[in-house]
1. Quickly run through region 87-98 and pick out the residues that are open to solvent by 10 Å² or more (accessible area, probe 1.4 Å) and either outside any helix (DSSP H, G or I) or over 22 Å from I68 (Cα atoms) (or both).
2. Any residue that is open to solvent by less than 40 Å² (accessible area, probe 1.4 Å), among the polar types (S, T, N, Q), in a loop (DSSP other than H, G, I, E, B) and touching a Leu at 6+ places or on another chain (Cβ under 8 Å) - is there at least one of those in region 379-399?
3. Is it true that A208 is touching a residue at least 24 places away in the same chain (Cβ under 8 Å) and not in a strand (DSSP E or B)?
4. Just one of the numbered conditions (1) at pLDDT 95 or above; (2) closer than 30 Å to Q407 by Cβ; (3) open to solvent by 20 Å² or more (accessible area, probe 1.4 Å); (4) outside any loop (DSSP other than H, G, I, E, B) is not true of E109; which one?
5. From the set of residues in region 361-372 that are at pLDDT 95 or above and more than 17 Å from I241 (Cα to Cα), which is least open to solvent (accessible area, probe 1.4 Å)?
6. Please go through region 127-149 and pick out each residue that is in a loop (DSSP other than H, G, I, E, B), open to solvent by less than 80 Å² (accessible area, probe 1.4 Å) and either charged (D, E, K, R) or closer than 13 Å to K200 by Cβ (or both).
7. Would you tally the residues in region 2-17 being in contact with a helix residue (DSSP H, G or I) (Cβ under 9 Å, 6 or more places away or on another chain) and either assigned to a strand (DSSP E or B) or farther than 10 Å from M75 by Cβ (or both)?
8. Could you look through region 197-214, keep only residues that are open to solvent by less than 10 Å² (accessible area, probe 1.4 Å) and either within 8 Å of the chain's Cα centre (by Cα) or at pLDDT below 95 (or both), and pick out the one that is farthest from V333 (Cα to Cα)?
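The values are calculated or read from the model by the stated rules, or taken from the named source; none is laboratory data. Note that this is a predicted model, so its numbers are computed, not measured. As a convention, Cβ positions derive from the backbone with ideal geometry for all residues, glycine included, and neighbour counts pool all protein chains shown. In case anyone asks, the SASA skips ligands and DNA or RNA and just uses the protein heavy atoms, side chains included. Shrake-Rupley method; radii C 1.70, N 1.55, O 1.52, S 1.80 Å.
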Amino acid sequence: MVYVAIMGHGVVGSGVAEVLRKNAESIARKAGEGIEVRRILDLREFPDLPYADCFTKDFEEIVNDPDIRIVVETMGGLNPAYAFVKRCLEAGKSVVTSNKELVAAKGDELLALARKNNLNFLFEASVGGGIPILRPIDQCLAANEVYEIAGILNGTTNFMLTRMIEDGMSFEDALALAQQLGYAERDPSADIEGHDACRKICILASLAFGKHVYPAEVYTEGITKITSEDVRTAAAADSVIKLIGRAVLQEDGRLYATVAPTVISKSSLLSDVNDVFNGIMVRGDAIGDVVFYGRGAGKLPTASAVVADVIDEVKHLKARKYLFWEGGYEGYVIPHEEGTVQMLVRVADTADAAAKIAALGNVQMVEGDGVPAGDIAFITPVMTEAALDAALLASGLTVKSRLRVAQL
């Protein structure tokens, strides 16, 4: 029997406990040994649960129990999760986490500590909830040189943009509906400002390209400035707007990484990823484009991914799995201004606007009923973002909006 502790009995932690109990027989068969929850750390009390005797408010009961071999961290946030996970690894216990903030900030350090102690630190559920993505990148696509990862990584913002696209809702109304349905928190800033998606693209990029990408290095722009006019203009270009986290390997080995509202063609596989679903595209030299699709959150889908990692760790109690990346370095992620982009730009239709637009070079004009009256829309040539900003400023055009365009 392998004894497990769970730190945090919230949505995900309670789901993990439920899945481990409900599917105990099949899990034991797949793991090769029985798995039993010995302790659950939470400051609250749950006297009516059938496993009420497992609860403790004292972390020391977990870290000092030699019979507990694996610890599941589902508390979220950096503190005290980071200190607790670090002590568990130092105490000889493998760790599974669903905590994207922890992995994005401290993944390189915790992976190194796990390797030093011949332990495992796994976190499949930290990116796509129930969508298998980290293990496929690490194992199934190992023969490929991955050169780009891009995806819709946040279900809340994707739901809101879907309602803005399909129902013509304003940003404010879409947010209110998302909160009413429980998709958005009372404080939705982590979602709508792009921070959640940023942490996830950092984890994906770190694994795919082998060096840690820290959230502070990734240019991050949320959806708070997206208007109904932007949505209609994108539609006129036969495209949709999605919040895309993206990391592209550069020829010199550095990385271009951003999170931003992005205009993608309706022919893209990601354009049909709607509502609370996530979609992640991996581009490799041998396989081409592969898309992983599913619910990116939820109690049981996320718990399923956590328990799969627990099973994997039970199988590898005496042999460390090779899941690792090195620390990053200053300058590894290039400033976003140095990255090459195209933009969908909407400007005021003044008397000299056409001539000023023509001076920008080989632009693609966007025409149709979706472009608001009194505006002109066009897609710029490909150039560095710094050069594009300078050209728009020098043009004298009255820019109303500018959105990245990506060929995904």
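1. Residues satisfying the conditions are A91, G92, S98.
2. yes
3. yes
4. (2)
5. V363
6. G129, I131, I133
7. 10
8. By that ranking, first place goes to A197.
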